Amino acid sequence: MCGIISVLSFRDNISKDLISALERLEYRGYDSAGIAYFDENSNLQRIRTVGKVKLLKEVVQKFDIKSNIGIGHTRWATHGKVTEFNAHPHVADGVAIVHNGIIENYQELRNSLISEGYEFESETDTEVVAKLIASNIKSGKDFIEAFKSAISKLSGTFAIVAIYEKEPNLLLGAKKGSPMAVGLSSDKQSCYIASDAVALSTLADELAYLEEGDIVVVRKFDHLSFEIFENGKDKIEREIVPNKVSLNDVAKNGYESFMLKEISEEAMVARRTFERFKYDINLSKYDSVSIVACGTSYYAGLLSKYWIEEIAKVHVDVEIASEFRYRNPVFSKNSLYIFISQSGETIDTLCAMRLVKEAGIKTLALVNVETSSIAREADIVVKTEAGVEIGVASTKAFVAQTLSLLMMCKKDIDIEAIERSINSVLNSQYDFAKMANKLKNSKSLFYIGRGTNYPISLEGALKIKELSYISAEGYPAGEIKHGPIAIIDENVYTIALAPFDNHFEKTISNTQEILARNGKIFLITTENSRELLHGLDKHEKVDSLFLPEIYSLYQPFALTTVIHLLAYNTAKAKGYDVDKPRNLAKSVTVE
Ligand code: M6R
C-alpha cells in the first residue's frame, strides 16, 4: 500500500526515473501521486495530482525539471480523503518526505507540534513526520540527527524517505514494517531508495533490503554511497543481492493489460512450479496443518485442505490472518503452520506468523517474493514460481500457490494433464465476452460448487467483486437453500461449478432448485457430463460451458482459468480498469 521512490544522482534528469518507478509502483496504490525535488536554485518544489500516475506524468512533463535529488509517491489512502492536500510528498520548512505505512501515534504528535505553532494542511498521519523533522532541525539538530530522532518517536509501520533543502547531497530512509530497498545504478551515477525491486527493475541491478529498524543514509560527494544503521545506531552491512526483476517482467508484452498477460501465463506457471519444486515436505509427520492467509491466498489454502486431508490424511485448519492474530489461538506444537502470501508483505499474515514464531513453533511461508518480509522471517520458505504479478487481482499466483500445496502432499503429479487442462481454456473458443455481457448488469450473483469447487467458487466471487464491483458470493452448493436462496429471482445469476466428479449430481440438483425459483444459471461443466444433464443445458435460463474431460484432482486448475477469464471479461464489459480496480492496492501493508 503506497509506493515510494527516491533518487540522489549526478544526473539532472531524475524526474524521468521518479515517474518511471512510480508507474511500476502503481500496483501498490493509485489514489494520488506526487514528487518533490530541489530546483536549480536549491528550492524545494512539489507536484501532486489526484488520480493515477499518468496524470502526474502529464503535469511533470510540462516542466523542464533539472534536479539531482527527488522523492516520489503513489498513494493508497488511509488517513484522509483522496485530495491533493493529502497527497504525498508532505513538506515542512524545506523538508519533504514520502511514507508508506501508518503512524499510529500521529494524533499525539500532531497536537504537540500544533502547540509549537505548526499548522497542518492535510488530514494525513504522514505530515507530522515532515513537521517533526523540521522541528528537530529548528532545535539545532543536523538533518541526520533530526531524522533519526523523529523516527525514534514514531509508532506504527513505515517506510519513509526524506530530503532537506539545505542538504541537497543527502537522502535518508527508515524502515519498520513496510518494505524498503536501496540500490545504485550500474554506472554508479544514481542511488535509489524504493519500496521494492519492481520499482527499480530498470534502474538498479543490485539491491540491499533494509531490515526492521534500519536507517539508510545515501551521500553524494565525489561518488555516491549508502550506509545502513541497525536500529538507527550501529553501521551494518546488509547483503547485496541481484535485482531479479527484469524489464520483461514489468512490461505488458503486447497484452492490453497485466491481468490478461498474467492469466495467459497460468499454464506456463504451473509447469514452472512443477519443475522448480525442490522441497521435501512430509505433511504426514504432523498432527495437523494450520494455514493462515488473506484474500486469494486464503482461498488457495482452503482448496489445499481438501487435498491434504484426502491425500496426506492430516487435519487442516485454514484461517484468515486478521482474525487468527487477534483471537489468542491455541497453538499445537506438532502442527505445521503455513503462511501463504503472494507479496510476502501482507501485514496481517506477517504478524500472524510472528505470533506463531513467538510461541516457539516453526513456520513455513509459501511466498512469491523471496526478498519479502514474510520470506525473510519464516523458518522454511517455499517459493511459488508465478513470476512478478502486477495486476491487483491475483491470478497466476493462485495457480502457483495451489499447485505448490498439492505438491506438498502428492509426489506423482501429471503436469502434462494440468497444463493441457489450463490450455484447453486459454486456447479455447469459449465466448467469455458474451457471457460477461450477460453478467455485467447483475446487481448480485452467486458462485456455487461442492468439494474443491467450493474454494474455487469463493475465488471466482472475489474476482468478480474486486474487478466488476458486483456483489458476488461464493457458496457451497449444498448450503444455498439454508438462506441465500431467498435472494434468487429472475435477475440473479448463479454460476455453478459442476464438472463431472463425485459431487456432480448433487450440484446439478442445487442448480435445479435455483431454476425452480426463476434464477438464471451459468453452468460450467465437463464434456463427460453432457448426457447426464438430460437437457438441462438447453433450458432457456441456462448458459453452459463444457470443458474437456479432466481427472477430478486437476479440475481446479482449468476452473481457475475459467473464473479468472470470466472476471476479466466482466470488468472489461463494464469498461473498468482490470489492473487497477477502485479502492484497492496489491500489497496490503496496513491492517
Ligand atoms: O500478497 P498476498 O497474497 O498476501 O495478498 C493477499 C490478498 O490481499 C490478495 O490475495 C487479494 O485478495 C487480491 N487482490 C485478490 O485478487
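The values are calculated or read from the model by the stated rules, or taken from the named source; none is laboratory data. All figures in this text were calculated on a predicted structure; none of them were measured in a lab. We work out accessible area using only protein heavy atoms, side chains counted, and drop any ligands, DNA or RNA first. Shrake-Rupley method; radii C 1.70, N 1.55, O 1.52, S 1.80 Å.
Where both partners of a DSSP beta bridge lie in the chain, what percent of those bridges are antiparallel, to the nearest 5? Taking every DSSP beta bridge with both residues in the chain, the antiparallel ones total about 60 percent. Surface calculation, 1.4 Å probe, protein heavy atoms: residue 206 sits at approximately 100 Å² accessible.
Counting only the Cα atoms, the chain fills a convex hull of 155 Å³ per residue.
Largest first and in whole Å, what are the equivalent-ellipsoid semi-axes of the range 277-430 based on the Cα gyration tensor, each being the root of 5 times an eigenvalue?
Values: eigenvalues 131, 68, 35 Å².
Each semi-axis is the square root of five times an eigenvalue, giving 26, 18, 13 Å.
Shown for the range 90-205 is the translational diffusion coefficient from the Stokes-Einstein equation, using the Kirkwood radius over Cα pairs, a temperature of 37 °C and a viscosity of 0.692 mPa s: 223 µm²/s.
Over the chain, with every protein chain in place, what whole percent of the accessible area is carbon and sulfur at 1.4 Å, could you tell me? Write down the numbers at each step before the final one.
Working: 10700 of 22890 Å².
Whole-percent figure for carbon plus sulfur exposure: 47.
Give, in nm to one decimal, the length gained when the segment between residue 584 and residue 12 is fully stretched (0.36 nm per residue of separation minus the Cα-Cα distance).
Values: separation 572, 0.36 × 572 = 205.92 nm, distance 3.41 nm.
202.5 nm is the gain from fully extending residue 584 to residue 12.
Note that the range 79-87 has calculated 3J(HN,Hα) couplings of 9, x, 5, 7, 9, 5, 4, 8, 5 Hz, one per residue in order, obtained from phi through the Karplus relation 6.51 cos²θ - 1.76 cosθ + 1.60 (θ = phi - 60°); glycine and proline are x.
For 259, 268, the ranking by accessible surface with the largest value first comes to 268, 259, using a 1.4 Å probe. The share of C-alpha pairs in the range 3-132 whose separation exceeds 22 Å stands at 33 percent.
Computed with a 1.4 Å probe over protein heavy atoms only, the accessible area of residue 221 comes to about 140 Å². I'd like the distance between the alpha-carbon centres of the range 176-214 and the range 328-405, rounded to an integer number of Å. One Cα centre to the other: 22 Å.
Which order do you get for 234, 12 if you rank them by accessible area with a 1.4 Å probe, largest at the top? Write down the numbers at each step before the final one.
On the way: 234 105, 12 70 Å².
Ranked list, largest accessible area first: 234, 12.
What number, rounded to the nearest 500 deg cm²/dmol, is the helix-based mean residue ellipticity at 222 nm of the chain, given -39500 (n - 2.57) per DSSP H run of at least four residues and division by all its residues?
On the way: 17 runs with 185 residues, N = 591.
When only DSSP H runs of four or more count, the value is -9500 deg cm²/dmol.
Averaging 1/r over each pair of different alpha-carbon atoms in the range 356-404 and inverting the result gives 11.6 Å, the Kirkwood hydrodynamic radius.
So for the range 274-314, considering every pair of alpha-carbon atoms, how many percent are separated by more than 16 Å? Before the final figure, lay out each step's value.
Details: 384 of 820 pairs.
Percent of Cα pairs beyond 16 Å in the range 274-314: 47.
Helix 453-468 and the longest principal axis of the Cα set of the chain meet at an angle near 50°. The mean of 1/r over all distinct Cα pairs in the range 390-488, once inverted, gives the Kirkwood hydrodynamic radius of 15.6 Å.
Per residue, the chain exposes 39 Å² of solvent-accessible protein surface, assessed with a 1.4 angstrom probe and all protein chains in place.
Per residue, the convex hull spanned by the alpha carbons of the range 523-591 comes to 149 Å³. With 24 Å as the limit on Cα-Cα distance, the pairs of 16/396; 54/443; 52/261; 131/580; 153/235 that go past it are 16/396; 54/443; 131/580.
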